[in-house]
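The values are calculated or read from the model by the stated rules, or taken from the named source; none is laboratory data. Note that the structure is a prediction, hence the values are computed from the model and not measured. No Cβ is skipped: glycine too gets one built from the backbone with ideal geometry, and neighbour counts run over all protein chains shown. For the accessible areas, the whole protein counts, side chains as well, though only heavy atoms, and no ligand, DNA or RNA atoms are used. Shrake-Rupley method; radii C 1.70, N 1.55, O 1.52, S 1.80 Å.
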Amino acid sequence: MARELQVLNALDVAKTQWYHFTAIIIAGMGFFTDAYDLFCISLVTKLLGRIYYHIDGSDKPGSLPPNVAAAVNGVAFCGTLSGQLFFGWLGDKMGRKKVYGMTLMLMVICSIASGLSFSRDAKAVMSTLCFFRFWLGFGIGGDYPLSATIMSEYANKKTRGAFIAAVFAMQGFGILAGGIFAIIISSAFKAGFDAPSYEVDPIRSTVPQADYVWRIIVMVGALPAALTYYWRMKMPETARYTALVAKNAKQAATDMSRVLQVDLEAEEQKVEQLTEDKSNQFGLFTKKFLHRHGLHLLGTTTTWFLLDIAFYSQNLFQKDIFSAIGWIPKAKTMNAIDEVYRIARAQTLIALCSTVPGYWFTVAFIDRIGRFAIQLMGFFFMTVFMFALAIPYNHWTHKDNRIGFVIIYSLTFFFANFGPNATTFVVPAEIFPARLRSTCHGISAASGKLGAIVGAFGFLYLSQSPHKDKTDAGYPTGIGVKNSLLVLGVVNFFGIVFTFLVPESNGKSLEEMSGENETDEGSVPNVEQSSYNRTVPLV
(Lines give C-alpha, C1' and ligand atoms only; values in the text may rest on other atoms or scores of the structure.)
Protein backbone atom coordinates (compact mmCIF):
# COMPACT_ATOMS: atom_id res chain seq x y z
CA MET A 1 0.00 0.00 0.00
CA ALA A 2 1.09 3.61 -0.52
CA ARG A 3 0.66 6.31 2.04
CA GLU A 4 1.08 9.88 0.84
CA LEU A 5 1.24 12.87 3.17
CA GLN A 6 -0.72 15.87 2.00
CA VAL A 7 2.22 18.22 2.56
CA LEU A 8 4.45 16.15 0.27
CA ASN A 9 1.79 15.83 -2.38
CA ALA A 10 1.25 19.59 -2.19
CA LEU A 11 4.96 20.09 -2.89
CA ASP A 12 4.87 17.65 -5.81
CA VAL A 13 1.99 19.33 -7.60
CA ALA A 14 2.66 22.95 -6.56
CA LYS A 15 2.83 25.54 -9.30
CA THR A 16 6.19 27.25 -9.73
CA GLN A 17 6.23 30.10 -7.22
CA TRP A 18 8.51 32.88 -6.03
CA TYR A 19 9.90 30.72 -3.20
CA HIS A 20 11.26 28.24 -5.79
CA PHE A 21 13.34 31.01 -7.38
CA THR A 22 14.42 32.29 -3.98
CA ALA A 23 15.63 28.79 -3.07
CA ILE A 24 17.51 28.51 -6.40
CA ILE A 25 19.33 31.80 -5.76
CA ILE A 26 20.11 31.03 -2.10
CA ALA A 27 21.39 27.53 -2.85
CA GLY A 28 22.93 28.62 -6.16
CA MET A 29 25.06 31.38 -4.65
CA GLY A 30 26.82 28.66 -2.67
CA PHE A 31 27.69 26.96 -5.94
CA PHE A 32 28.72 30.26 -7.49
CA THR A 33 31.21 30.61 -4.63
CA ASP A 34 32.26 26.95 -4.87
CA ALA A 35 33.20 27.27 -8.53
CA TYR A 36 34.93 30.61 -8.07
CA ASP A 37 37.02 29.28 -5.18
CA LEU A 38 37.88 25.93 -6.78
CA PHE A 39 38.84 27.26 -10.21
CA CYS A 40 40.37 30.67 -9.42
CA ILE A 41 43.55 28.89 -8.30
CA SER A 42 44.24 27.80 -11.89
CA LEU A 43 44.39 31.49 -12.86
CA VAL A 44 47.21 32.28 -10.43
CA THR A 45 49.41 29.14 -10.22
CA LYS A 46 51.78 30.43 -12.93
CA LEU A 47 52.02 33.75 -11.06
CA LEU A 48 52.82 31.96 -7.79
CA GLY A 49 55.66 30.15 -9.56
CA ARG A 50 57.13 33.41 -10.87
CA ILE A 51 56.92 35.17 -7.49
CA TYR A 52 58.14 32.43 -5.15
CA TYR A 53 60.20 30.04 -7.30
CA HIS A 54 62.29 32.32 -9.49
CA ILE A 55 65.71 30.86 -10.36
CA ASP A 56 68.44 33.38 -11.23
CA GLY A 57 69.90 32.78 -14.67
CA SER A 58 67.10 30.49 -15.86
CA ASP A 59 65.83 31.04 -19.40
CA LYS A 60 62.27 30.18 -18.20
CA PRO A 61 60.20 32.00 -15.54
CA GLY A 62 59.90 30.30 -12.17
CA SER A 63 57.23 27.62 -11.88
CA LEU A 64 55.78 25.71 -8.94
CA PRO A 65 57.72 22.49 -8.24
CA PRO A 66 55.66 19.35 -9.08
CA ASN A 67 54.81 18.49 -5.46
CA VAL A 68 53.79 22.09 -4.68
CA ALA A 69 51.71 22.44 -7.87
CA ALA A 70 49.95 19.16 -7.12
CA ALA A 71 49.25 20.28 -3.54
CA VAL A 72 47.98 23.75 -4.51
CA ASN A 73 45.71 22.33 -7.24
CA GLY A 74 44.58 19.21 -5.40
CA VAL A 75 44.36 20.04 -1.71
CA ALA A 76 40.98 21.79 -2.03
CA PHE A 77 39.61 18.65 -3.68
CA CYS A 78 40.84 16.52 -0.76
CA GLY A 79 38.98 18.89 1.56
CA THR A 80 35.90 18.83 -0.67
CA LEU A 81 35.82 15.01 -0.68
CA SER A 82 36.02 14.94 3.15
CA GLY A 83 33.36 17.65 3.45
CA GLN A 84 30.96 15.87 1.11
CA LEU A 85 31.08 12.69 3.18
CA PHE A 86 30.94 14.45 6.57
CA PHE A 87 28.30 17.09 5.86
CA GLY A 88 26.27 14.66 3.73
CA TRP A 89 26.01 12.36 6.75
CA LEU A 90 25.43 15.30 9.12
CA GLY A 91 22.64 16.68 6.88
CA ASP A 92 20.67 13.46 7.41
CA LYS A 93 21.40 13.37 11.15
CA MET A 94 20.84 17.02 12.14
CA GLY A 95 18.71 18.34 9.31
CA ARG A 96 19.56 20.24 6.15
CA LYS A 97 19.09 23.76 7.52
CA LYS A 98 21.19 23.39 10.69
CA VAL A 99 24.23 22.30 8.70
CA TYR A 100 23.69 24.71 5.79
CA GLY A 101 25.01 27.79 7.61
CA MET A 102 28.12 26.00 8.89
CA THR A 103 29.38 25.24 5.38
CA LEU A 104 28.92 28.84 4.24
CA MET A 105 30.77 30.38 7.20
CA LEU A 106 33.64 27.94 6.70
CA MET A 107 33.87 29.06 3.06
CA VAL A 108 33.89 32.77 3.99
CA ILE A 109 36.57 32.43 6.69
CA CYS A 110 38.87 30.17 4.65
CA SER A 111 38.58 32.22 1.43
CA ILE A 112 39.88 35.25 3.29
CA ALA A 113 42.50 33.29 5.23
CA SER A 114 43.84 31.69 1.99
CA GLY A 115 45.20 35.06 0.89
CA LEU A 116 46.52 36.20 4.28
CA SER A 117 49.86 34.42 4.48
CA PHE A 118 51.98 37.34 5.68
CA SER A 119 55.37 36.11 4.57
CA ARG A 120 57.78 36.26 1.65
CA ASP A 121 59.05 32.75 2.33
CA ALA A 122 57.80 30.35 -0.36
CA LYS A 123 57.38 27.43 2.02
CA ALA A 124 55.36 29.49 4.53
CA VAL A 125 53.11 31.00 1.86
CA MET A 126 52.37 27.68 0.16
CA SER A 127 51.80 25.89 3.48
CA THR A 128 49.32 28.57 4.61
CA LEU A 129 47.59 28.59 1.23
CA CYS A 130 47.26 24.80 1.16
CA PHE A 131 46.09 24.58 4.79
CA PHE A 132 43.24 27.04 4.31
CA ARG A 133 42.34 25.73 0.86
CA PHE A 134 41.84 22.29 2.41
CA TRP A 135 39.32 23.71 4.90
CA LEU A 136 37.80 25.89 2.18
CA GLY A 137 37.26 22.68 0.22
CA PHE A 138 35.78 21.06 3.33
CA GLY A 139 33.09 23.76 3.45
CA ILE A 140 32.52 23.60 -0.30
CA GLY A 141 32.10 19.83 0.01
CA GLY A 142 29.18 20.27 2.38
CA ASP A 143 27.43 22.53 -0.09
CA TYR A 144 27.08 19.75 -2.68
CA PRO A 145 24.78 17.28 -0.87
CA LEU A 146 22.95 19.98 1.10
CA SER A 147 22.12 22.28 -1.84
CA ALA A 148 21.04 19.38 -4.06
CA THR A 149 18.94 17.77 -1.33
CA ILE A 150 17.29 21.01 -0.23
CA MET A 151 16.37 21.94 -3.80
CA SER A 152 15.03 18.47 -4.64
CA GLU A 153 12.91 18.45 -1.47
CA TYR A 154 11.50 21.92 -2.12
CA ALA A 155 10.78 21.44 -5.82
CA ASN A 156 7.66 20.19 -7.56
CA LYS A 157 7.59 16.99 -9.59
CA LYS A 158 7.23 18.67 -12.97
CA THR A 159 10.21 21.03 -12.87
CA ARG A 160 12.40 19.46 -10.17
CA GLY A 161 15.22 18.57 -12.56
CA ALA A 162 15.41 22.13 -13.92
CA PHE A 163 15.46 23.62 -10.42
CA ILE A 164 18.29 21.36 -9.18
CA ALA A 165 20.19 21.89 -12.44
CA ALA A 166 19.72 25.67 -12.11
CA VAL A 167 21.39 25.58 -8.68
CA PHE A 168 24.31 23.67 -10.21
CA ALA A 169 24.38 26.00 -13.24
CA MET A 170 25.46 28.82 -10.94
CA GLN A 171 28.82 27.03 -11.01
CA GLY A 172 29.21 28.28 -14.59
CA PHE A 173 28.71 31.88 -13.49
CA GLY A 174 31.26 31.31 -10.71
CA ILE A 175 33.89 30.15 -13.23
CA LEU A 176 33.01 33.10 -15.48
CA ALA A 177 33.17 35.59 -12.59
CA GLY A 178 36.60 34.28 -11.59
CA GLY A 179 37.93 34.86 -15.10
CA ILE A 180 36.34 38.30 -15.47
CA PHE A 181 37.56 39.46 -12.06
CA ALA A 182 41.09 38.23 -12.83
CA ILE A 183 41.01 40.17 -16.13
CA ILE A 184 39.93 43.36 -14.30
CA ILE A 185 42.52 43.05 -11.53
CA SER A 186 45.39 42.11 -13.84
CA SER A 187 44.47 44.93 -16.27
CA ALA A 188 44.45 47.46 -13.42
CA PHE A 189 47.82 46.29 -12.09
CA LYS A 190 49.26 46.08 -15.60
CA ALA A 191 48.27 49.70 -16.24
CA GLY A 192 49.59 50.85 -12.86
CA PHE A 193 52.83 48.88 -12.76
CA ASP A 194 54.35 48.48 -16.20
CA ALA A 195 57.01 45.79 -16.50
CA PRO A 196 59.19 44.31 -19.26
CA SER A 197 58.83 40.70 -20.41
CA TYR A 198 60.84 37.95 -18.71
CA GLU A 199 63.30 37.58 -21.62
CA VAL A 200 64.10 41.32 -21.47
CA ASP A 201 64.54 41.55 -17.67
CA PRO A 202 63.81 38.43 -15.55
CA ILE A 203 63.81 40.33 -12.23
CA ARG A 204 61.76 43.39 -13.19
CA SER A 205 59.22 41.28 -15.17
CA THR A 206 57.61 40.33 -11.83
CA VAL A 207 56.81 43.58 -10.01
CA PRO A 208 56.54 43.39 -6.18
CA GLN A 209 52.86 44.41 -6.43
CA ALA A 210 52.11 41.16 -8.31
CA ASP A 211 51.94 39.50 -4.89
CA TYR A 212 48.69 41.41 -4.24
CA VAL A 213 47.10 40.17 -7.46
CA TRP A 214 46.77 36.51 -6.49
CA ARG A 215 45.76 37.37 -2.92
CA ILE A 216 42.92 39.65 -4.07
CA ILE A 217 41.67 37.11 -6.61
CA VAL A 218 41.62 34.31 -4.00
CA MET A 219 40.04 36.39 -1.20
CA VAL A 220 37.18 37.91 -3.20
CA GLY A 221 35.51 34.47 -3.20
CA ALA A 222 34.33 35.24 0.35
CA LEU A 223 31.96 38.01 -0.79
CA PRO A 224 29.11 36.08 -2.47
CA ALA A 225 29.09 33.50 0.34
CA ALA A 226 28.91 36.19 3.03
CA LEU A 227 26.05 37.97 1.22
CA THR A 228 24.00 34.75 1.13
CA TYR A 229 24.39 33.74 4.80
CA TYR A 230 21.43 35.71 6.19
CA TRP A 231 19.00 34.30 3.62
CA ARG A 232 20.16 30.73 4.22
CA MET A 233 19.41 31.09 7.90
CA LYS A 234 15.87 32.27 7.13
CA MET A 235 14.99 29.22 5.01
CA PRO A 236 12.72 26.72 6.81
CA GLU A 237 13.76 23.07 7.09
CA THR A 238 12.49 21.01 4.16
CA ALA A 239 9.09 19.37 4.70
CA ARG A 240 10.40 15.98 3.62
CA TYR A 241 13.08 15.97 6.31
CA THR A 242 10.70 17.33 8.98
CA ALA A 243 7.91 14.87 8.15
CA LEU A 244 9.76 11.70 7.09
CA VAL A 245 12.94 11.88 9.18
CA ALA A 246 12.17 14.15 12.18
CA LYS A 247 8.55 12.76 12.23
CA ASN A 248 7.05 16.19 12.93
CA ALA A 249 4.08 16.52 10.57
CA LYS A 250 2.74 19.61 12.32
CA GLN A 251 5.97 21.56 11.79
CA ALA A 252 6.24 20.36 8.18
CA ALA A 253 2.69 21.56 7.44
CA THR A 254 3.34 24.93 9.16
CA ASP A 255 6.61 25.54 7.29
CA MET A 256 5.23 24.62 3.88
CA SER A 257 1.94 26.50 4.42
CA ARG A 258 4.07 29.60 4.82
CA VAL A 259 6.18 29.17 1.68
CA LEU A 260 3.42 27.63 -0.51
CA GLN A 261 0.83 30.12 0.78
CA VAL A 262 -1.81 27.42 1.28
CA ASP A 263 -3.51 25.80 4.27
CA LEU A 264 -2.20 22.32 5.03
CA GLU A 265 -3.37 20.03 7.80
CA ALA A 266 -0.89 18.30 10.09
CA GLU A 267 -1.14 14.54 9.61
CA GLU A 268 0.38 13.00 12.73
CA GLN A 269 -1.59 9.79 12.27
CA LYS A 270 -0.05 9.09 8.88
CA VAL A 271 3.43 9.90 10.15
CA GLU A 272 2.92 7.48 13.05
CA GLN A 273 1.79 4.78 10.63
CA LEU A 274 4.79 5.41 8.40
CA THR A 275 7.04 5.27 11.48
CA GLU A 276 5.52 2.00 12.65
CA ASP A 277 6.11 0.45 9.23
CA LYS A 278 9.60 -1.01 9.69
CA SER A 279 9.94 -2.21 6.09
CA ASN A 280 11.26 1.22 5.03
CA GLN A 281 13.50 1.91 8.02
CA PHE A 282 16.61 0.15 6.65
CA GLY A 283 20.03 1.78 7.01
CA LEU A 284 22.81 2.40 4.51
CA PHE A 285 24.81 -0.72 5.40
CA THR A 286 21.99 -3.24 5.12
CA LYS A 287 21.01 -5.97 2.66
CA LYS A 288 17.74 -4.17 1.97
CA PHE A 289 19.56 -0.99 0.89
CA LEU A 290 21.91 -3.08 -1.23
CA HIS A 291 18.93 -4.82 -2.85
CA ARG A 292 16.92 -1.66 -3.50
CA HIS A 293 19.58 0.97 -4.17
CA GLY A 294 22.96 -0.79 -4.42
CA LEU A 295 23.18 -0.61 -8.23
CA HIS A 296 21.83 2.93 -8.20
CA LEU A 297 24.60 4.04 -5.83
CA LEU A 298 27.19 2.20 -7.93
CA GLY A 299 25.85 4.02 -11.01
CA THR A 300 25.89 7.50 -9.44
CA THR A 301 29.37 7.06 -7.91
CA THR A 302 31.10 5.59 -10.99
CA THR A 303 29.63 8.05 -13.50
CA TRP A 304 30.52 11.04 -11.30
CA PHE A 305 34.02 9.62 -10.72
CA LEU A 306 34.68 9.15 -14.44
CA LEU A 307 33.19 12.51 -15.39
CA ASP A 308 35.31 14.47 -12.91
CA ILE A 309 38.57 12.88 -14.07
CA ALA A 310 37.93 14.42 -17.49
CA PHE A 311 36.13 17.60 -16.39
CA TYR A 312 38.64 18.80 -13.79
CA SER A 313 41.64 17.80 -15.91
CA GLN A 314 40.28 20.04 -18.64
CA ASN A 315 39.35 22.93 -16.34
CA LEU A 316 42.46 23.09 -14.17
CA PHE A 317 44.91 22.67 -17.02
CA GLN A 318 43.30 24.74 -19.75
CA LYS A 319 46.25 27.11 -19.48
CA ASP A 320 48.72 24.27 -20.18
CA ILE A 321 46.73 23.06 -23.19
CA PHE A 322 46.41 26.60 -24.55
CA SER A 323 50.16 27.09 -24.08
CA ALA A 324 50.92 23.74 -25.76
CA ILE A 325 49.02 24.73 -28.92
CA GLY A 326 50.40 28.27 -28.82
CA TRP A 327 47.14 30.07 -28.01
CA ILE A 328 48.89 31.65 -25.02
CA PRO A 329 52.39 32.95 -25.92
CA LYS A 330 55.53 31.44 -24.42
CA ALA A 331 55.91 32.44 -20.76
CA LYS A 332 59.24 34.22 -21.30
CA THR A 333 57.68 36.64 -23.81
CA MET A 334 55.32 38.03 -21.10
CA ASN A 335 55.66 39.67 -17.74
CA ALA A 336 54.00 38.10 -14.66
CA ILE A 337 50.79 40.16 -14.64
CA ASP A 338 50.36 39.95 -18.42
CA GLU A 339 50.45 36.15 -18.13
CA VAL A 340 47.60 36.22 -15.56
CA TYR A 341 45.62 38.47 -17.92
CA ARG A 342 46.08 36.18 -20.93
CA ILE A 343 45.25 32.97 -19.01
CA ALA A 344 42.14 34.62 -17.53
CA ARG A 345 41.06 35.90 -20.95
CA ALA A 346 41.36 32.43 -22.52
CA GLN A 347 39.46 30.71 -19.68
CA THR A 348 36.75 33.38 -19.67
CA LEU A 349 36.21 32.95 -23.40
CA ILE A 350 35.79 29.19 -22.98
CA ALA A 351 33.40 29.70 -20.03
CA LEU A 352 31.33 32.27 -21.91
CA CYS A 353 31.04 30.33 -25.17
CA SER A 354 30.65 26.76 -23.93
CA THR A 355 30.61 26.19 -20.16
CA VAL A 356 27.79 28.57 -19.18
CA PRO A 357 25.51 27.79 -22.20
CA GLY A 358 25.98 24.04 -21.56
CA TYR A 359 24.65 24.34 -18.00
CA TRP A 360 21.56 26.26 -19.10
CA PHE A 361 20.81 23.88 -21.97
CA THR A 362 20.52 21.21 -19.27
CA VAL A 363 18.17 23.43 -17.25
CA ALA A 364 16.00 23.93 -20.35
CA PHE A 365 15.82 20.29 -21.47
CA ILE A 366 16.28 18.05 -18.41
CA ASP A 367 12.55 17.78 -17.65
CA ARG A 368 11.70 17.32 -21.31
CA ILE A 369 14.10 14.63 -22.47
CA GLY A 370 15.11 13.21 -19.09
CA ARG A 371 18.31 12.75 -17.11
CA PHE A 372 19.36 9.47 -18.72
CA ALA A 373 19.26 10.78 -22.31
CA ILE A 374 21.20 13.95 -21.44
CA GLN A 375 23.89 12.03 -19.54
CA LEU A 376 24.31 9.44 -22.28
CA MET A 377 24.47 12.10 -24.98
CA GLY A 378 26.97 14.18 -23.00
CA PHE A 379 29.38 11.30 -22.39
CA PHE A 380 29.07 10.22 -26.04
CA PHE A 381 29.98 13.62 -27.47
CA MET A 382 32.74 14.15 -24.89
CA THR A 383 34.25 10.87 -26.06
CA VAL A 384 33.93 11.81 -29.75
CA PHE A 385 35.41 15.29 -29.34
CA MET A 386 38.24 14.12 -27.08
CA PHE A 387 39.31 11.60 -29.72
CA ALA A 388 38.86 14.28 -32.41
CA LEU A 389 41.41 16.39 -30.52
CA ALA A 390 43.79 13.57 -29.65
CA ILE A 391 44.10 11.47 -32.81
CA PRO A 392 45.07 14.31 -35.21
CA TYR A 393 46.79 16.27 -32.38
CA ASN A 394 49.82 17.27 -34.45
CA HIS A 395 47.44 18.80 -37.01
CA TRP A 396 45.95 21.05 -34.31
CA THR A 397 49.35 22.35 -33.15
CA HIS A 398 49.93 24.16 -36.46
CA LYS A 399 49.20 27.85 -36.14
CA ASP A 400 46.51 27.90 -38.85
CA ASN A 401 44.48 25.16 -37.11
CA ARG A 402 44.47 26.48 -33.54
CA ILE A 403 41.02 28.05 -33.79
CA GLY A 404 39.62 24.64 -34.79
CA PHE A 405 41.27 23.07 -31.74
CA VAL A 406 39.74 25.67 -29.43
CA ILE A 407 36.28 25.18 -30.97
CA ILE A 408 36.36 21.38 -30.50
CA TYR A 409 37.88 21.78 -27.03
CA SER A 410 35.02 24.16 -26.18
CA LEU A 411 32.47 21.61 -27.42
CA THR A 412 33.78 19.03 -24.94
CA PHE A 413 33.00 21.56 -22.19
CA PHE A 414 29.60 22.28 -23.65
CA PHE A 415 28.62 18.60 -23.67
CA ALA A 416 30.11 18.02 -20.23
CA ASN A 417 27.72 20.64 -18.89
CA PHE A 418 24.82 19.81 -21.21
CA GLY A 419 25.42 16.29 -20.02
CA PRO A 420 26.91 14.38 -17.09
CA ASN A 421 28.39 17.31 -15.16
CA ALA A 422 24.83 18.46 -14.42
CA THR A 423 22.97 15.12 -14.34
CA THR A 424 25.43 13.44 -11.95
CA PHE A 425 24.56 16.24 -9.50
CA VAL A 426 20.80 16.05 -10.05
CA VAL A 427 20.06 12.31 -9.95
CA PRO A 428 21.51 11.34 -6.51
CA ALA A 429 19.26 14.01 -4.96
CA GLU A 430 16.17 12.27 -6.37
CA ILE A 431 16.51 8.50 -6.14
CA PHE A 432 17.42 7.74 -2.50
CA PRO A 433 15.19 7.75 0.65
CA ALA A 434 14.87 11.04 2.60
CA ARG A 435 16.75 9.78 5.67
CA LEU A 436 19.71 8.70 3.46
CA ARG A 437 19.39 11.24 0.64
CA SER A 438 22.03 13.71 1.78
CA THR A 439 24.43 10.88 2.77
CA CYS A 440 24.10 9.10 -0.59
CA HIS A 441 24.50 12.36 -2.50
CA GLY A 442 27.60 13.07 -0.41
CA ILE A 443 29.05 9.63 -1.23
CA SER A 444 28.33 10.12 -4.95
CA ALA A 445 29.83 13.62 -4.92
CA ALA A 446 32.89 12.41 -2.95
CA SER A 447 33.43 9.75 -5.59
CA GLY A 448 33.40 12.58 -8.13
CA LYS A 449 35.99 14.52 -6.17
CA LEU A 450 38.16 11.41 -6.03
CA GLY A 451 37.99 11.55 -9.82
CA ALA A 452 38.89 15.25 -9.69
CA ILE A 453 41.94 14.41 -7.56
CA VAL A 454 42.96 11.71 -10.05
CA GLY A 455 42.47 14.23 -12.84
CA ALA A 456 44.28 17.08 -11.09
CA PHE A 457 47.29 15.05 -9.96
CA GLY A 458 47.36 12.61 -12.87
CA PHE A 459 47.04 15.09 -15.74
CA LEU A 460 49.68 17.33 -14.16
CA TYR A 461 52.26 14.60 -14.67
CA LEU A 462 50.82 12.74 -17.66
CA SER A 463 50.58 15.83 -19.87
CA GLN A 464 54.30 16.61 -19.54
CA SER A 465 56.28 16.12 -22.72
CA PRO A 466 57.98 12.73 -23.24
CA HIS A 467 61.13 14.72 -24.12
CA LYS A 468 63.09 15.82 -21.03
CA ASP A 469 64.18 19.16 -22.53
CA LYS A 470 60.53 20.19 -23.05
CA THR A 471 59.12 19.37 -19.60
CA ASP A 472 58.39 22.05 -17.00
CA ALA A 473 61.09 22.60 -14.41
CA GLY A 474 61.30 19.75 -11.89
CA TYR A 475 58.85 17.45 -13.65
CA PRO A 476 59.58 13.93 -14.87
CA THR A 477 58.73 13.14 -18.47
CA GLY A 478 55.08 12.26 -19.17
CA ILE A 479 53.12 10.87 -22.09
CA GLY A 480 52.38 14.27 -23.63
CA VAL A 481 49.14 16.16 -24.19
CA LYS A 482 48.09 13.97 -27.15
CA ASN A 483 48.19 10.69 -25.22
CA SER A 484 46.64 12.36 -22.16
CA LEU A 485 43.67 13.40 -24.28
CA LEU A 486 43.38 9.81 -25.58
CA VAL A 487 43.23 8.57 -21.97
CA LEU A 488 40.47 11.10 -21.20
CA GLY A 489 38.54 9.88 -24.27
CA VAL A 490 38.63 6.30 -22.94
CA VAL A 491 37.50 7.52 -19.50
CA ASN A 492 34.48 9.23 -21.12
CA PHE A 493 33.62 6.03 -22.98
CA PHE A 494 33.38 4.14 -19.69
CA GLY A 495 31.07 6.89 -18.50
CA ILE A 496 28.65 5.86 -21.27
CA VAL A 497 28.76 2.24 -20.05
CA PHE A 498 28.07 3.01 -16.37
CA THR A 499 25.24 5.43 -17.19
CA PHE A 500 23.07 2.35 -17.82
CA LEU A 501 23.06 1.67 -14.04
CA VAL A 502 21.37 4.99 -13.28
CA PRO A 503 17.52 5.04 -13.21
CA GLU A 504 15.40 7.70 -14.90
CA SER A 505 13.68 9.92 -12.32
CA ASN A 506 11.97 12.35 -14.68
CA GLY A 507 8.34 13.11 -13.75
CA LYS A 508 8.28 10.88 -10.65
CA SER A 509 7.91 11.98 -7.04
CA LEU A 510 10.86 11.53 -4.69
CA GLU A 511 8.89 8.98 -2.65
CA GLU A 512 8.04 7.04 -5.81
CA MET A 513 11.72 6.90 -6.81
CA SER A 514 12.99 5.94 -3.35
CA GLY A 515 10.12 3.52 -2.60
CA GLU A 516 9.26 5.33 0.64
CA ASN A 517 5.53 5.00 -0.07
CA GLU A 518 5.86 1.25 -0.40
CA THR A 519 5.58 -1.49 2.19
CA ASP A 520 6.39 -5.15 1.92
CA GLU A 521 2.80 -5.83 0.87
CA GLY A 522 3.35 -3.89 -2.35
CA SER A 523 2.17 -0.52 -3.55
CA VAL A 524 -0.53 1.21 -5.47
CA PRO A 525 -0.21 4.31 -7.64
CA ASN A 526 -0.17 7.69 -5.89
CA VAL A 527 -3.41 9.62 -5.89
CA GLU A 528 -2.91 13.22 -6.92
CA GLN A 529 -5.05 15.77 -5.20
CA SER A 530 -7.04 18.33 -7.13
CA SER A 531 -6.83 20.89 -4.34
CA TYR A 532 -4.16 21.62 -1.75
CA ASN A 533 -6.80 21.97 0.95
CA ARG A 534 -8.12 18.44 0.51
CA THR A 535 -6.55 15.79 2.72
CA VAL A 536 -5.20 12.91 0.66
CA PRO A 537 -6.85 9.70 1.86
CA LEU A 538 -4.84 6.84 3.27
CA VAL A 539 -5.01 4.12 0.61
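Data for the structure
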| quantity | calculated |
| --- | --- |
| Sequence ranges 169-175, 52-58, 217-223, 307-313, ranked by mean other-Cβ count within 10 angstrom, highest first | 307-313, 169-175, 217-223, 52-58 |
| Rounded to 10°, Cα long-axis angle of helix 371-390 versus longest principal axis of the chain | 10 degrees |
| Charge dipole magnitude, Cβ of K and R +1, D and E -1 - the range 79-160, Cα centre, debye nearest 20 | 260 debye |
| Sum of side-chain charges, Gly448 neighbourhood, beta-carbon under 15 Å (Lys, Arg +1; Asp, Glu -1) | -2 |
| Whole-percent carbon and sulfur share, accessible surface of the range 149-267, 1.4 Å | 63 percent |
| Distance between the range 15-34 and the range 151-186 - C-alpha centres, whole angstrom | 9 Å |
| Expected-Rg normalisation [2.2 N^0.38 Å, Cα atoms] applied to the range 1-151 | 1.37 |
| Ratio Rg/Rh, restricted to the range 439-505 and using Cα atoms, in which Rh is the Kirkwood radius | 1.14 |
| Share of carbon and sulfur in the accessible heavy-atom surface of the range 1-104 [1.4 Å probe, %] | 68 percent |
| Acute angle (nearest 10 degrees) that the helix 96-114 long axis makes with the longest principal axis of the chain, alpha-carbon atoms | 10 degrees |
| Hydrodynamic radius (Kirkwood) for the range 423-468, which is based on Cα pairs only, to one decimal in Å | 12.5 Å |
| Accessible surface, per residue, of the chain when the full set of protein chains is kept, probe 1.4 Å, Å² | 37 Å² |
| Residue-by-residue Karplus 3J(HN,Hα) for the range 286-292, coefficients 6.51, -1.76, 1.60, Hz, glycine and proline x | 10, 5, 5, 5, 4, 5, 7 |
| Entries of Lys97/Lys449; Lys250/Lys449; Lys332/Lys468; Lys190/Lys468 with Cα pairs more than 28 Å apart | Lys250/Lys449; Lys190/Lys468 |
| Relative packing of peptides 59-66, 364-371 - highest average C-beta neighbours within 10 Å first | 59-66, 364-371 |
| Net charge over other residues, Cβ less than 15 angstrom from the Cβ of Gly221 (K, R count +1; D, E count -1) | -1 |
| Cα convex hull of the range 1-72 - mean projected area over all directions, nm² | 9.5 nm² |
| Kirkwood Rh in Å, taken over all unlike Cα pairs in the chain | 24.0 Å |
| Cα-based helix-to-principal-axis angle, 66-94 vs the chain, degrees rounded to 10 | 10 degrees |
